[in-house]
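S.K.: Here you go, one structure.
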Amino acid sequence: MADRVTVIGWDGSPLTRAATAALSAATLVAGAAHHLALPEVPHGAERIRLGSVDLAARRIAGHRGSAVVLADGDPGFFGVVRTLRAPEHGLEVEVVPAVSSVATAFARAGMPWEDAQTVVAHPRTLRRAVNVCRAHHKVAVLTSPGAGPAELALLLEGVHRTFVICEELGTDREQVTVVTSDAAADHVWRDPNVVIVIGGGPERRAEGAWIAGRHPAYPQGVRGWALPADAYRGGGTDAHGGSGEGEGPGLRAAQLAHLGPRTGDLLWDIGSGSGALAVEAARFGAAVLAVDSDPDACARTTAAARAFGVQLQVVEGRAPHVLERLPEPDVVRIGGGGASVVTAVADRRPERIVTHASTRDEAETLGAALTENGYAVSCSLLQSVELDTAAWAERERTVVFLLSALRSDLAP
């Protein structure tokens, strides 16, 4: 095993005294081509071009002498330190950090970033990174080949964002470009790069902010979820507490519990109605596409999202036909449309689907459609009784069948 392993972050500025001392004593140096070309790298040291960090770690583990690993930015922030410290390599490292590429990108843009989300985009995680860009106003994306600005822009089709693209930070070829997301797809961008994705409304004021990457997604004084419908619409509800069947807080809470929307997910809310479920899913951090054929329902959903300070995309159209042009969902709530909509959704293979029915016959029809399309289905009969607390008398009673479906290949 190497006698000493030092990881040095590099941000284009002159190396610190500690970094220079570690490099001068190194008998093995690993890094990218521009790192290995630094004049401080000893001529007699073994040099490893850093492609696979795992392969480099194995070489370092078998080396006798002092090893240095050079990496861009802060190597402890989505960097090589985690891999080098993995139990299978058994390496103990010292770290000489530099300014992270995310901090540098925001500095070049002249923007604060305590309210920004940070994600890593690889080809295997690109869709989830895009969903975070859909759901949040400000996101820093650490890209990789095959998952860069152009690919981000293509998957964000229909969602307007501004891209601040920072190429080769810290080098003589550094360049910062501001473009709209639709224009970013028509250009070839140099690696490595960081993309700041901004949009979906004015920048929020961070007065009293106390936690990085978060913003309270609710109006002042509002706490909780599965809120009454008048929190979203201002009253005028029906017996189910919403603008249409199936929008009551109790059913909504059960649907959200079964769906479990989370950061990186894309949720379809088909038949968004008042926008209550769409907004609450967005408050959990999920990207949301709210679909409704009624222009008034679309307007209500847009207004509710604005009131609660969340990002979501509203699509006016009738299911199942409108679903054909939507990006792939992770979880779906179906507010109506019958077996044809259930089948169309199942064809897109989301992990979970929830829907509801007013009668047992309707529940059996929807359950059969889900089962036939490869889903394990459970059904519950939910009864909700609203009481008048002045007289403790029954005010409203609702009964609904809740169907929850999990893709069969994921079922226990």
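S.K.: Under a 10 Å cutoff between Cα atoms, tell me which one of 170, 44, 158 has the largest fluctuation in the Gaussian network model of the chain.
M.R.: So, out of 170, 44, 158, the one fluctuating most is 44.
S.K.: Would you rank 225, 189, 392 by solvent-accessible area, highest first, keeping every protein chain in place and using a 1.4 Å probe?
M.R.: 392, 225, 189
S.K.: How much accessible area does residue 54 have with a 1.4 Å probe, in Å² rounded to the nearest 10?
M.R.: Its accessible surface works out to 60 Å², give or take rounding.
S.K.: How large is Rg over Rh for the stretch 5-78, taking Rg from the Cα atoms and Rh as the Kirkwood inverse mean of 1/r across Cα pairs?
M.R.: Reported Rg/Rh, Kirkwood definition of Rh: 0.92.
S.K.: Taking springs between alpha-carbon atoms closer than 10 angstrom, which of 12, 65, 224 fluctuates most in the Gaussian network model of the chain?
M.R.: Greatest mean-square fluctuation among the candidates belongs to 224.
S.K.: Looking at the chain as a GNM with Cα springs under 10 Å, which of 149, 75, 87 has the largest mean-square fluctuation?
M.R.: 87
S.K.: At 1.4 Å probe radius, can you tell me the per residue accessible area of the chain in Å²? Before the final figure, lay out the partial values.
M.R.: Details: 19650 Å² over 412 residues.
Accessible surface, normalised per residue, equals 48 Å².
S.K.: Here's a follow-up. Note down the relative contact order for the chain as a percent, whole number, built from C-alpha pairs under 8 angstrom at least six residues apart.
M.R.: 10
S.K.: Quote to one decimal, in nm, the extra length available between residue 372 and residue 187 on full extension: 0.36 nm per residue of separation minus the C-alpha distance between them.
M.R.: Length gained between residue 372 and residue 187: 62.2 nm.
S.K.: What number comes out for the charge environment of residue 324, summing +1 per Lys or Arg and -1 per Asp or Glu over other residues with Cβ under 11 Å away?
M.R.: After counting each charged neighbour, the total is +1.
S.K.: Quick one, what does Rg over Rh come out to for the stretch 267-374 if you take C-alpha atoms and the Kirkwood Rh? List each step's numbers first, then the result.
M.R.: Details: Rg = 13.4 Å, Rh = 13.9 Å.
Result: Rg/Rh = 0.97.
S.K.: Please calculate the 1.4 Å probe accessible area of residue 375, with all protein chains present, and give it to the nearest 10 Å².
M.R.: 10
S.K.: Return the long-range amide H neighbours of residue 73 (sequence gap of 5 or more, or a different chain), with a cut-off of under 5 Å between placed amide H atoms.
M.R.: 10, 11
S.K.: Pick the calculated volume of the Cα convex hull per residue in Å³ for this structure from [x] 169; [y] 122; [z] 143?
M.R.: [x]
S.K.: I'd like the antiparallel share, as a percent to the nearest 5, of DSSP beta bridges with both residues in the chain. Walk me through the intermediate numbers first.
M.R.: Numbers: 38 of 77 bridges.
Of all bridge pairs located within the chain, approximately 50 percent are antiparallel.
S.K.: Continuing with the same structure: Where the only charges are on Cβ atoms (+1 Lys, Arg; -1 Asp, Glu), what is the dipole of the chain about its Cα centre, to the nearest 20 debye?
M.R.: Details: 38 positive and 48 negative charges, 195 e Å.
So the magnitude is around 940 debye.
S.K.: Using a 1.4 angstrom probe on the protein heavy atoms only, line up 47, 360 by accessible area, largest first.
M.R.: Per-residue accessible area, sorted high to low, gives 360, 47.
S.K.: Follow-up question, since we're still on this one. Per the 1.4 Å probe, what fraction of the accessible area of the chain, in percent, lies on carbon and sulfur atoms?
M.R.: Details: 10060 of 19650 Å².
Carbon with sulfur: 51 percent of the solvent-accessible area.
S.K.: Moving on to the next point. Less than 17 Å from a label point 7 Å out along the Cα-to-Cβ axis of residue 162: which backbone N atoms in the stretch 98-118 qualify, by residue?
M.R.: 105-117
S.K.: How much of the pair distance distribution for the stretch 7-148 lies past 27 Å, counting alpha-carbon pairs only, in percent?
M.R.: In whole percent, the share of Cα-Cα pairs in the stretch 7-148 beyond 27 Å is 28.
The values are calculated or read from the model by the stated rules, or taken from the named source; none is laboratory data. Because the structure is predicted, anything quoted here is derived from the model rather than measured. We place every Cβ from the backbone using ideal geometry, glycine too, and count neighbours over all the protein chains shown. Note: areas computed on protein heavy atoms with side chains; ligands, DNA, RNA excluded. Shrake-Rupley method; radii C 1.70, N 1.55, O 1.52, S 1.80 Å.
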